[in-house]
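The values are calculated or read from the model by the stated rules, or taken from the named source; none is laboratory data. Just so it is clear, the model here is predicted, and its values are computed rather than measured. Cβ sites come from the backbone with ideal geometry, for glycine too, and all protein chains shown count toward neighbours. All accessible areas refer to the heavy atoms of the entire protein, side chains included, with ligands and DNA or RNA removed. Shrake-Rupley method; radii C 1.70, N 1.55, O 1.52, S 1.80 Å.
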Amino acid sequence: MLRYLTAGESHGKAMVAIVDGFPAGVSIDSAAIDGELKRRQGGYGRGGRQRIESDQVQVLSGLWRGVTIGSPIALLIENKDYKIDRMDDLDRPRPGHGDLAGAIKHLGSIRGVLERASARETVARVAVGALAKQLLQPLGITCFGYVVQVGPVAIPPTPGTIDQQLQLRSQSVIYSLDPSKDAEVQTLIDSVGKQGDTLGGIVEVQVHGVPFGLGSHTQWDRKLDGRLARAVMSVQAIKGVEIGLGFQVASRRGSQVHDPIQFDPSQIDRPNLGFVRPSNNAGGLEAGMSNSQPIVVRAAKKPISTLAKPLPSVNLGTLQPQQASYERSDICAVAAASCIVENVVAFEIARAIVEKFGGDSLDEIQARWELFHRLARQKLKLSAALGSTNKTD
Ligand code: EPS
């Protein structure tokens, strides 16, 4: 089983992750992980912390000569803003943060809670996801995320190939697929920031090249849609997750929701085995299994809960009403969320790949991937349907 845990406080020495069950034989490019960490730090509206940090991963274990060996992979990202022991406690919990619930739960301090609840922890999750992508890449699976809404401003993705869309995203200061909306969004972020307030938004992730059959229909905790939803919902500040049409399914008739099934013999060599769908309202998942269409996941991020113009709270020392505490924060971190959710999704897909195709080595996974697709073509008599003379196919 592929799994990971993270540790680390926002202003502690470092953020760390241990990834267990990662297959052997994968060449690891730590510069590619650093590229993702840099993208996480960016996006218009980020706070002062990102000017202090320049996140870089150290891969402490699990590699021999740059290649995974099947043992646990320990990742470490130092916090340049390491100062936890010099920091005071807060006495007024911030509405929306974990301060109140966490301090009461642990019979402890707000500092002890906020340091771990902070979205700084996502640096470890992005490193883990970027590692997982290096397992997905040899299988031809790509995963990319972008912003589709900031506050009330919807930014529908510009259609195009993955390469064209990646190009658009790299041009947008907010990581959307329509850079022509950047100016409007920047003006909005600036004005909200001046008012001491913050902004949320919606991010979308697409996964291409997924085979049939990741996840399972047979048991609730094996359903891939449920596992993706759990992983994405667990990202700091995410309050809603949708797959495919998401909440829109409720108002449409069945005939307007379900994706017709067609067969295109020219595509039988692809992971879709020739089965094409003129729409993808299911977001690539039916009955908890991948159906070889792109997986599409959206997540709604709430505005950052640390407000420069704080909301009413209660002083935990005096129990008297008082404004919430303020600590340096971001105005809008939706762009960062698009990178975080992308990497969290990538990890869940990698985990499902390891389950279906084996977890010991990349070679075995690739061999079983080929075998599965060959057997599926055989079972479906795809060659016969095409009048092929190739008896082995
Ligand atoms: C973050 C680091 C944090 C915050 C933000 C995300 O740094 P600091 O607290 O030192 O300013 O900028 O954390 C939160 C949004 C939060 O609610 O805690 C980061 O590296 O992503």
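From the set of residues in the stretch 44-60 that are of a type outside the set (K, R) and loosely packed, with under 13 Cβ neighbours inside 10 Å, which is modelled with the lowest pLDDT? It would help to see each step written out before you state the result.
Going through the stretch 44-60, the residues of a type outside the set (K, R) turn out to be 44-45, 47-48, 50, 52-60.
This time we only want the ones that are loosely packed, with under 13 Cβ neighbours inside 10 Å, so: 48, 52, 54.
Details: G48: 93, I52: 96, S54: 96.
Here the residue is G48.
Could you please find all residues in the stretch 95-132 being assigned to a loop (DSSP other than H, G, I, E, B), more than 10 Å from the ligand (Cβ to nearest atom) and either among the hydrophobic types (A, V, I, L, M, F, W, C) or open to solvent by less than 30 Å² (accessible area, probe 1.4 Å) (or both)? Write out each step before concluding.
Within the stretch 95-132, the subset assigned to a loop (DSSP other than H, G, I, E, B) is 95-98, 106-109, 118.
Keeping just the survivors that are more than 10 Å from the ligand (Cβ to nearest atom) gives 95, 106-109.
Across the stretch 95-132, the qualifying residue is only L107.
Here are S313, S234: which of them is in the same structural domain as L188 (by TED's automatic domain parsing) and touching a Pro at 6+ places or on another chain (Cβ under 6 Å)?
The conditions single out S313.
Looking only at residues that are among the β-branched types (V, I, T) and assigned to a loop (DSSP other than H, G, I, E, B) in the stretch 158-196, which one is most open to solvent (accessible area, probe 1.4 Å)? Break it down stepwise before answering.
Going residue by residue through the stretch 158-196, those that are among the β-branched types (V, I, T) are 158, 161-162, 173-174, 185, 187, 189, 192.
Then keep just the ones that are assigned to a loop (DSSP other than H, G, I, E, B); that gives 158, 161, 173-174.
Values: T158: 50, T161: 74, V173: 57, I174: 2 Å².
Checking each candidate, the answer is T161.
Of the residues G12, G47, G70, G43, only one is within 18 Å of the chain's Cα centre (by Cα), in the same structural domain as V150 (by TED's automatic domain parsing) and part of a loop (DSSP other than H, G, I, E, B); which?
Working: G12 fails: within 18 Å of the chain's Cα centre (by Cα); G47 fails: within 18 Å of the chain's Cα centre (by Cα); G70 fails: within 18 Å of the chain's Cα centre (by Cα).
After ruling out the rest, the residue left standing is G43.
Of all the residues that make up the stretch 256-289, how many are loosely packed, with under 14 Cβ neighbours inside 10 Å and within 25 Å of R351 (Cα to Cα)?
Of the residues in that region, 2 qualify.
Do we have any residue at all in the stretch 21-37 that's outside any loop (DSSP other than H, G, I, E, B), open to solvent by less than 20 Å² (accessible area, probe 1.4 Å) and within 29 Å of Q186 (Cα to Cα)?
Looking for residues that are outside any loop (DSSP other than H, G, I, E, B), open to solvent by less than 20 Å² (accessible area, probe 1.4 Å) and within 29 Å of Q186 (Cα to Cα), one finds at least one in the stretch 21-37, hence yes.
How many of the residues in the stretch 23-38 are more than 18 Å from the chain's Cα centre (by Cα) and of a type outside the set (S, T, Y)? Give the derivation first.
Pass one, the stretch 23-38, residues more than 18 Å from the chain's Cα centre (by Cα): 23-31.
Okay, now just the ones that are also of a type outside the set (S, T, Y), so 23-26, 28-29, 31.
Final tally of qualifying residues: 7.
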